[in-house]
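One structure is given below, encoded as structure tokens.
The values are calculated or read from the model by the stated rules, or taken from the named source; none is laboratory data. The shown structure was predicted, so the numbers you read here are calculated from the model rather than taken from an experiment. Ideal geometry is used to build each Cβ from the backbone, glycine not excepted, and the neighbour counts take in all protein chains shown. The area values use the complete protein model at the heavy-atom level, side chains included, leaving out ligands, DNA and RNA. Shrake-Rupley method; radii C 1.70, N 1.55, O 1.52, S 1.80 Å.
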Amino acid sequence: MSGVASGPAGAAGGAGATLGVDERFGPYGGRFVPEVLIAALDELTAAWAEAREDASYRDELARLLRDFVGRPTPLYLAERLSLRLGRRVYLKREDLAHTGAHKVNNAVGQALLARRMGKRRVISETGAGQHGVAAATACALLGLECVVFMGTEDMRRQAPNVDRMRLLGAEVAAVEAGARTLKEAVSAAIRDWVTNVATSHYIIGSAVGPAPYPALVRDLQRVIGDEAREQALAAEDELPSRVIACVGGGSNAIGTFVPFLDDHGVELIGVEAGGDGLESGRHGASLSAGRTGVLHGALSSVLCDADGQILEAHSVSAGLDYPGVGPEHAHLRDIGRVRYEAVTDAEALAAFRELALLEGIIPALEPSHAIAWLLKSPREDEGYDLLTLSGRGDKDLAEVGERLGDD
Amino acid sequence: MTDRIAAAFEAARGEGRAALMPYLMGGFPDHDTSLVVAQAYADAGADLVELGVPFSDPLADGPVIHAAATRALERGATLESTLELCERIAARVPVVPMAYANMILTHGPERFARLLADAGAVGAIVPDLGPDEGGEIAEELRAAGLALVPLVAPTTRPARRARIGAEAEGFVYLVSDTRTTGERERMPAALRELIGSVQAVARVPVAVGFGIGTPEQAAEVGTIADGVIIGTRLVRAVAESKTSAEAAASVSSFIRECRDRLTAGGGDGAGADGPRGRGV
């Protein structure tokens, strides 16, 4: 009699399954959270299933994405980069979205959802500060209270973003636990949500966390891929050979990839943070070098030791400095639909500089990983490549100055 | 081994009081001290012991227990070193390890269940594993004769509460709202109702853990609940002690006082009959 045993894959229970919001991706995903959050996750699942079919929600989101965020973002033929590579490369310019990264797509969509659910207080977390700034921006726009959890080490490294969030009216809550970076900030945000679940909505920053978050964030980020696919067809009359995006938690990548999943001729490549190299053990490559496990509420691929303790990730890029990854990526890896590669800090830094010199675009360190992979992965065919430039690099200048100065 | 859980609750009920279940962070502040504390729990009359397995990312725990886990891990604590503590006291008092899902999945549910059974544990509490995700972990624990103790929260909806109660093994761990603890003088009506609503659907005893910080609060909760779990208060007592002897003395006196108060019943007379009879 068993009760507690209902097969993980088989019995996708809960409201979400019946409403069509994915809770599992193959064996991955689910809700490995304290019981106190289950009701809130059910409520969020139902609210999202309803909102995304509701014309008034969709219209308002579309209007804000157009007039406030500046969508659609351009698909730009990077000519000098193309010359350097010997094939055409298009960049999906999420760096040109308001606040400077794709994070705002998710933040605006979820803040609208919070307001719709009657929650006036928003909790969020941030590593480099891009998602925190996006959440603070969306909350200012909609008049919602906003608390952003941030590790004190990240607050030190990303002081300008702390100032931006405060200017936007958000409270930046310092997190002292552990390495005082993103992993602990997510944990602190979840703990706050446990305590204030009745009044607060948690805007998670990537396609991670318990169901329905991975599906919710993917749905809000797929605007990247939907636009890019249409723009690519308009420019070239055929689909790209390869679509490339960087993967930390994986929200820009999943948003880019999803519209191409059924285009079987299109190769999809996710690029992870190789840090000092996979063999060094100092990296953020949860898919390339992780184990099946649970972090922040979902079963996915995580970096942990043989006893199950979560390890600290290492990456020059704060946005990829995370020991987990969205569960849908783990599934796409297992079924072979997406190939995941890792590039090192040094390769990403070189690509950062190269794109600035070749194209007059200073990329964030996160998509610099995708550029770095492209630079070392030539391909001989008649086709072309599409790469999501998920954010701009202004935030990284101090960090890069230090690192390149060390050379 | 789940019989030992039932027997422990039954024995306390026979004394007209709720069962007392102190929580211990394994390996905190170091292995030897935590063993002394574990033995002090048994000496002082704990009916069961909840043994925390230190984890790097304990989502369900507050800052005091999180900090204790971090310290234990820095001192080299592992699942196996924590289970040594279990083995040392298991003959004297039933021990229920509390472990997060990632550690179980990393070791493998079958191996995890075997390690617990070999150490003499009677069940397991997995705070981030609900009935929808239990699957293989529940099956392996059951096969090893261990109870997977389910959790219920104030936010758990009635239908789910009924399902959890009907399927529960060992006991139900009722997590009360942390904001209801502290300075109040009487048990809030909402908590009283909550405990009753879980008891109404549970086929096993209901123990309440909610940051109970004083013997008075323990006694008051104990007038209705079948068991009282005390965590943070005892971890803090250990943290504030300078020696293992001091830690043992501190937790012992607290546990003894709780037991005395539980036996005397709550302050408002509602619990004069002790916890109600349960089909344990």
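Numbers for the structure displayed
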{"quantity": "Matching option when the condition is aliphatic (A, V, I, L, M) and over 15 Å from the mean Cα position of the chain (by Cα), among A:Val217, A:Val208, A:Val186, A:Val194", "calculated": "A:Val194"}
{"quantity": "Odd one out for A:Leu358, checked against (1) outside any loop (DSSP other than H, G, I, E, B); (2) farther than 14 Å from A:Ser82 by Cα; (3) open to solvent by 10 Å² or more (accessible area, probe 1.4 Å)", "calculated": "(2)"}
{"quantity": "Pair list, Cβ < 9 Å and 6+ apart or interchain, from region B:117-142 residues that are at the interface with another protein chain (Cβ under 8 Å from one of its Cβ atoms) to residues that are polar (S, T, N, Q) and surrounded by 24 or more Cβ atoms within 10 Å (Cβ to Cβ)", "calculated": "B:Asp128/B:Asn102"}
{"quantity": "Scope region A:25-37; condition touching a helix residue (DSSP H, G or I) at 6+ places or on another chain (Cβ under 8 Å), at pLDDT below 95 and either more than 12 Å from chain B (Cβ to nearest Cβ) or not in a loop (DSSP other than H, G, I, E, B) (or both); matching residues", "calculated": "A:Val36, A:Leu37"}
{"quantity": "Region A:168-219 - residue that is in a loop (DSSP other than H, G, I, E, B), at pLDDT below 90 and of a type in the set (A, V, I, L, M, F, W, C) and, of those, surrounded by the most Cβ atoms within 10 Å (Cβ to Cβ)", "calculated": "A:Val197"}
{"quantity": "Hits in region B:216-237 (condition: part of a helix (DSSP H, G or I) and open to solvent by less than 10 Å² (accessible area, probe 1.4 Å))", "calculated": "B:Ala218, B:Ala219, B:Val221, B:Gly222, B:Leu234, B:Val235, B:Ala237"}
{"quantity": "Given (1) open to solvent by 10 Å² or more (accessible area, probe 1.4 Å); (2) part of a loop (DSSP other than H, G, I, E, B); (3) at pLDDT 95 or above, number of the condition B:Gly266 does not satisfy", "calculated": "(3)"}
{"quantity": "Unmet requirement for B:Asp43, which otherwise passes all of (1) assigned to a loop (DSSP other than H, G, I, E, B); (2) of a type outside the set (Phe, Trp, Tyr); (3) surrounded by fewer than 24 Cβ atoms within 10 Å (Cβ to Cβ)", "calculated": "(1)"}
{"quantity": "Subset of region B:238-256 [assigned to a helix (DSSP H, G or I) and of a type outside the set (A, V, I, L, M, F, W, C)]", "calculated": "B:Ser244, B:Glu246, B:Ser250, B:Ser252, B:Ser253, B:Arg256"}
{"quantity": "Candidates A:Leu303, A:Leu389, A:Leu355, filtered to the one that is hydrophobic (A, V, I, L, M, F, W, C), without any contact (Cβ under 8 Å) to a residue 40 or more places away in the chain and touching a Pro at 6+ places or on another chain (Cβ under 8 Å)", "calculated": "A:Leu303"}
{"quantity": "Residue selected from region A:271-292 under the condition in contact with a Gly (Cβ under 7 Å, 6 or more places away or on another chain) and in a strand (DSSP E or B), by the criterion farthest from A:Ala245 (Cα to Cα)", "calculated": "A:Gly275"}
{"quantity": "A:Thr73 vs. criteria within 24 Å of A:Ala134 (Cβ to Cβ), within 23 Å of the chain's Cα centre (by Cα) and part of a helix (DSSP H, G or I)", "calculated": "no"}
{"quantity": "Residues of region A:255-313 satisfying the condition of being open to solvent by less than 20 Å² (accessible area, probe 1.4 Å), among the small types (Gly, Ala, Ser) and within 14 Å of chain B (Cβ to nearest Cβ)", "calculated": "A:Ser286, A:Gly293, A:Gly297, A:Ala298, A:Ser300, A:Ser301, A:Gly308, A:Ala313"}
{"quantity": "Matching residues in region B:128-148 - criterion: being open to solvent by less than 30 Å² (accessible area, probe 1.4 Å) and out of contact with any helix residue (DSSP H, G or I) (no Cβ under 8 Å at 6 or more places or on another chain)", "calculated": "B:Gly134, B:Gly135, B:Ala138"}
{"quantity": "Residue within region A:115-125 that is out of contact with any strand residue (DSSP E or B) (no Cβ under 6 Å at 6 or more places or on another chain), open to solvent by less than 10 Å² (accessible area, probe 1.4 Å) and without any contact (Cβ under 8 Å) to a residue 40 or more places away in the chain present", "calculated": "no"}
